[in-house]
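Enquirer: Shown below is the structure under consideration.
The values are calculated or read from the model by the stated rules, or taken from the named source; none is laboratory data. Please read these numbers as outputs of a predicted model, since none were measured by experiment. Cβ placement follows ideal geometry from the backbone for every residue including glycine, while neighbour counts extend to all protein chains displayed.
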Amino acid sequence: MLEGEFGSTSPVVVLTAINLEYNAVREYLLNPRRVIHEGTWCEAGTVAGSEHQVVIAEVGPGNLRTAVVAEQLRTAFAPLAIIFVGVAGSLKSDVRLGDVVVADKIYAYDGSKHGPDEQFARPAAWSPSHALLQTALHALRGSAWQERIRLGTYRPDRLPEVHVKPVASGETVLNSMDSPLRERLVRVFNDAVAVEMESAGLATVAALGKVDSLTIRGISDLADGAKASADALGSQQIAASHAAAAAMAVIAALPGELMEATAADGSGPADGPPVPTPTLRQINKADHKGVVNAVQNGNQSIVNGPQAKPR
């Protein structure tokens, strides 16, 4: 963590792919300040109703860029959670423009083996943090979260519904009802309700770095060949605003620490009250005397600087 940046608390990192999504999230940031880490420009501040600092960044489109920046910010800020907020295309007729999708599974659909006459799917899949998903289910139940929505000049013709369903993540913009990719998504990833380009990158970092993550998407098009027409009517702005409002409701509902219920000996679930499960992370800070304070998995060690050798 950047020394002194957030005191003793862990921030929530919010990633976006494009400027429109970033601006939708930034609308909720109170007293934003600039934070730059390894060339990545972020803004940090608070949001109404939350005790957590929030760091937002625009990573650009694609899973690879998302993974690189997510790992940078994970190591820099030791975040409580990383949430991706953005827009997506719908794959289902009942997931309509402006609706919000909270991913309960993420498919990386690009993996495959190509034979002489057939293509075999070799996807990867991840589930989000159980604690974060439970928080989202609580925060987005009912319609109270919709009071956070800030639309600017655009006005949708209906309030958004929330779908807790899988999403498919790859490197292609889908804008056709009869393309080979759409056929593959419908046939192989039939439970996916939305398609986008970043969540597999975040999911990879979250799994390897042992950090809680979640994807929240607003539906901006139907991936049906009419994306340009929908965008011209403000569908991206509306979708981004809905997704940002949902994310802020989730962040406001987050406890001080994400909790998992475990047995007293740490071997598994228990019926008793939940206890904190520390994330695998290490924070080192050195003071002006060269003393290093290291905290790893909740255990603190203090290492003094070089000592004079006895004569």
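Enquirer: Based on this model, can you work out whether THR9 counts as touching a helix residue (DSSP H, G or I) at 6+ places or on another chain (Cβ under 6 Å) and among the hydroxyl-bearing types (Ser, Thr, Tyr)? Don't jump to the end; show me each part of the working.
Expert: Details: touching a helix residue (DSSP H, G or I) at 6+ places or on another chain (Cβ under 6 Å): no; among the hydroxyl-bearing types (Ser, Thr, Tyr): yes.
Spelling it out, it is not the case that THR9 is touching a helix residue (DSSP H, G or I) at 6+ places or on another chain (Cβ under 6 Å) and among the hydroxyl-bearing types (Ser, Thr, Tyr).
Enquirer: Restricting attention to the stretch 156-199, which residues are assigned to a loop (DSSP other than H, G, I, E, B) and within 25 Å of GLY49 (Cα to Cα)? Show your work before the answer.
Expert: Residues of the stretch 156-199 that are assigned to a loop (DSSP other than H, G, I, E, B), as a first pass: 156-161, 170-179, 189-193, 197-198.
Residues satisfying the conditions are LEU159, PRO160, GLU161.
Enquirer: Taking only pairs six or more apart or across chains, which ones have beta-carbon atoms under 9 Å, a first residue in the stretch 137-152 that is within 26 Å of LEU20 (Cβ to Cβ), and a second residue that is acidic (Asp, Glu)?
Expert: From residues that are within 26 Å of LEU20 (Cβ to Cβ), the pairs are ARG150/GLU27; GLY152/GLU27.
Enquirer: Give the residue, chosen from ALA206, ALA194, ALA228, that is in the same structural domain as VAL100 (by TED's automatic domain parsing), exposed (fewer than 12 other Cβ atoms within 10 Å of the Cβ) and modelled with pLDDT of 50 or more.
Expert: Values: ALA206 fails: exposed (fewer than 12 other Cβ atoms within 10 Å of the Cβ); ALA194 fails: exposed (fewer than 12 other Cβ atoms within 10 Å of the Cβ).
On inspection, the qualifying residue turns out to be ALA228.
Enquirer: Determine which member of the set ASP212, ASP221, ASP231 is touching a residue at least 24 places away in the same chain (Cβ under 8 Å) and farther than 17 Å from VAL100 by Cβ.
Expert: Values: ASP221 fails: farther than 17 Å from VAL100 by Cβ; ASP231 fails: touching a residue at least 24 places away in the same chain (Cβ under 8 Å).
Sole residue among the options that is touching a residue at least 24 places away in the same chain (Cβ under 8 Å) and farther than 17 Å from VAL100 by Cβ: ASP212.
Enquirer: Looking only at the stretch 124-148, filter to residues that are assigned to a loop (DSSP other than H, G, I, E, B) and buried (at least 17 other Cβ atoms within 10 Å of the Cβ); which one of those is farthest from the chain's Cα centre (by Cα)?
Expert: Here is the first cut: in the stretch 124-148, the residues assigned to a loop (DSSP other than H, G, I, E, B) are 127-129, 140-143.
Retained after the next criterion (residues that are buried (at least 17 other Cβ atoms within 10 Å of the Cβ)): 128-129, 140.
Numbers: PRO128: 9, SER129: 10, LEU140: 16 Å.
Within the stretch 124-148, the match that is farthest from the chain's Cα centre (by Cα) is LEU140.
Enquirer: Inspect all residues belonging to the stretch 93-114 and state whether any of them is of a type in the set (Phe, Trp, Tyr), in contact with a Gly (Cβ under 9 Å, 6 or more places away or on another chain) and touching a residue at least 24 places away in the same chain (Cβ under 8 Å). Show your work before the answer.
Expert: Filtering the stretch 93-114 for residues of a type in the set (Phe, Trp, Tyr) gives 107, 109.
Then drop every residue that is not in contact with a Gly (Cβ under 9 Å, 6 or more places away or on another chain), which leaves 107, 109.
Filter again for touching a residue at least 24 places away in the same chain (Cβ under 8 Å), leaving 107, 109.
Among the residues of the stretch 93-114, at least one is of a type in the set (Phe, Trp, Tyr), in contact with a Gly (Cβ under 9 Å, 6 or more places away or on another chain) and touching a residue at least 24 places away in the same chain (Cβ under 8 Å), which makes the answer yes.
Enquirer: Considering each residue of the stretch 200-231, count those that are more than 20 Å from LEU91 (Cα to Cα), assigned to a helix (DSSP H, G or I) and of a type in the set (A, V, I, L, M, F, W, C), and give that number.
Expert: Within the stretch 200-231, residues that are more than 20 Å from LEU91 (Cα to Cα), assigned to a helix (DSSP H, G or I) and of a type in the set (A, V, I, L, M, F, W, C) number 6.
Enquirer: Sticking with this structure for a sec: Name the pairs: first residue in the stretch 79-92 and closer than 18 Å to LEU208 by Cβ, second residue hydroxyl-bearing (Ser, Thr, Tyr) and modelled with pLDDT of 95 or more, Cβ to Cβ under 6 Å, at least 6 apart or on different chains?
Expert: Taking only residues 6 or more apart or on different chains, the pairs are ILE82/SER213; PHE84/SER199; PHE84/THR215.
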